[in-house]
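Everything on this sheet refers to the single structure shown next.
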Amino acid sequence: MEEENNKDEIKKTVTEILKTSDINVMTESKIRKLAGEKLGFDLSGKQEKKFIREIVNEFLVQKEEEVQEKGKQQVEDEEEKEEEEEEEKEKKRPRVSAKEYEDNGDLIICQLSSRRKVTIQEFKGKALVSIREYYEKDGKELPSTKGISLTAEQWSTFSKSVPGIEQAIKKMQTRSR
């Protein structure tokens with residue numbers, strides 16, 4: 001019974017030493033010496049060395065599991081943060097209009113602001129992407145001459161350039177801060 005109590009005391013003391021020490025510089029020998037001094041036991045015997053080694057290994061395995069679990073949690077937290085950021089980006093993206101077609105038949109792709117819209121229209125048998133300002137007349141929203149209409153080919157060229165434009169914007173924003 002006393003031997004069992006001693007083992008419990010040794011385990012408790014060694015674990016406490018491990019918790020409060022720098023594991024990277026602590027050795028089994030130092031742990032045995034510190035535990036022996038605290039407990040007033042000689043821990044240099046073969047059985048004691050083996051027992052302390054088991055305690056140290058058990059502690060290290062537990063620490064490694066905690067590190068892995070913490071890593072998994074960090075990955076999960078980062079993924080969750082990325083999802084939240086993506087949701088925020090989605091909220092900031094131009095809204096698709098609830099009204100799908102203009103009175104003149106143009107397909108509304110999105111509303112950039114209260115006065116600007118992106119629409120798809122057909123002109124002389126060709127589809128055009130139109131980014132245009134609108135004005136109100138007689139209670140109707142009408143397209144102004146302020147804007148641009150791009151052919152499918154021009155739109156394709158422009159859309160391929162968007163990542164470069166976004167990069168340039170970010171650079172410019174960081175310089176102006």
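Taking the condition exposed (fewer than 12 other Cβ atoms within 10 Å of the Cβ) and at pLDDT 85 or above, does residue 160 pass? The answer is yes for residue 160.
Scanning the stretch 14-38 for residues that are within 13 Å of residue 53 (Cα to Cα) and surrounded by 15 or more Cβ atoms within 10 Å (Cβ to Cβ) yields 14, 15, 18, 26, 31, 32, 35. Exactly one residue out of 166, 153, 136, 141 is assigned to a helix (DSSP H, G or I), closer than 25 Å to residue 101 by Cα and without any contact (Cβ under 8 Å) to a residue 40 or more places away in the chain, and it is 153.
Consider residue 165 carefully, then state whether it is surrounded by 13 or more Cβ atoms within 10 Å (Cβ to Cβ) and either at pLDDT below 90 or among the β-branched types (Val, Ile, Thr) (or both). Answer is no for this residue.
Residue by residue, here is whether (1) part of a helix (DSSP H, G or I); (2) hydroxyl-bearing (Ser, Thr, Tyr); (3) in contact with a Leu (Cβ under 7 Å, 6 or more places away or on another chain); (4) without any contact (Cβ under 8 Å) to a residue 24 or more places away in the chain holds:
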{"residue": "10", "(1), (2), (3), (4)": "yes, no, yes, no"}
{"residue": "13", "(1), (2), (3), (4)": "yes, yes, yes, no"}
{"residue": "35", "(1), (2), (3), (4)": "yes, no, yes, no"}
{"residue": "44", "(1), (2), (3), (4)": "no, yes, no, yes"}
{"residue": "50", "(1), (2), (3), (4)": "yes, no, no, yes"}
{"residue": "54", "(1), (2), (3), (4)": "yes, no, no, yes"}
{"residue": "57", "(1), (2), (3), (4)": "yes, no, no, yes"}
{"residue": "62", "(1), (2), (3), (4)": "yes, no, no, yes"}
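Entry remark, the stretch 15-27: residues being closer than 17 Å to residue 64 by Cβ and either part of a helix (DSSP H, G or I) or touching a Phe, Trp or Tyr at 6+ places or on another chain (Cβ under 8 Å) (or both) number 3 in total. Yes or no: the stretch 101-115 includes at least one residue that is of a type in the set (Lys, Arg), in a strand (DSSP E or B) and more than 20 Å from residue 89 (Cβ to Cβ). The answer is no, given that none of the residues of the stretch 101-115 is of a type in the set (Lys, Arg), in a strand (DSSP E or B) and more than 20 Å from residue 89 (Cβ to Cβ). Within the stretch 102-125, is even one residue in contact with a Cys (Cβ under 9 Å, 6 or more places away or on another chain), hydrophobic (A, V, I, L, M, F, W, C) and open to solvent by 70 Å² or more (accessible area, probe 1.4 Å)? No, there is no match, as no residue in the stretch 102-125 is in contact with a Cys (Cβ under 9 Å, 6 or more places away or on another chain), hydrophobic (A, V, I, L, M, F, W, C) and open to solvent by 70 Å² or more (accessible area, probe 1.4 Å). One residue stands out in the stretch 45-63 among those that are more than 43 Å from the chain's Cα centre (by Cα) and surrounded by 12 or more Cβ atoms within 10 Å (Cβ to Cβ): the one that is farthest from residue 6 (Cα to Cα), namely 49. If you filter the stretch 85-97 down to residues that are open to solvent by 100 Å² or more (accessible area, probe 1.4 Å) and of a type in the set (D, E, K, R), you find that the one that is modelled with the lowest pLDDT is 95.
The values are calculated or read from the model by the stated rules, or taken from the named source; none is laboratory data. Note that this is a predicted model, so its numbers are computed, not measured. Don't worry about glycine lacking a Cβ; one is built from the backbone with ideal geometry, like all the others, and counts go over all protein chains shown. Heads up: the accessible areas ignore ligands, DNA and RNA and are worked out on the full protein's heavy atoms, side chains in. Shrake-Rupley method; radii C 1.70, N 1.55, O 1.52, S 1.80 Å.
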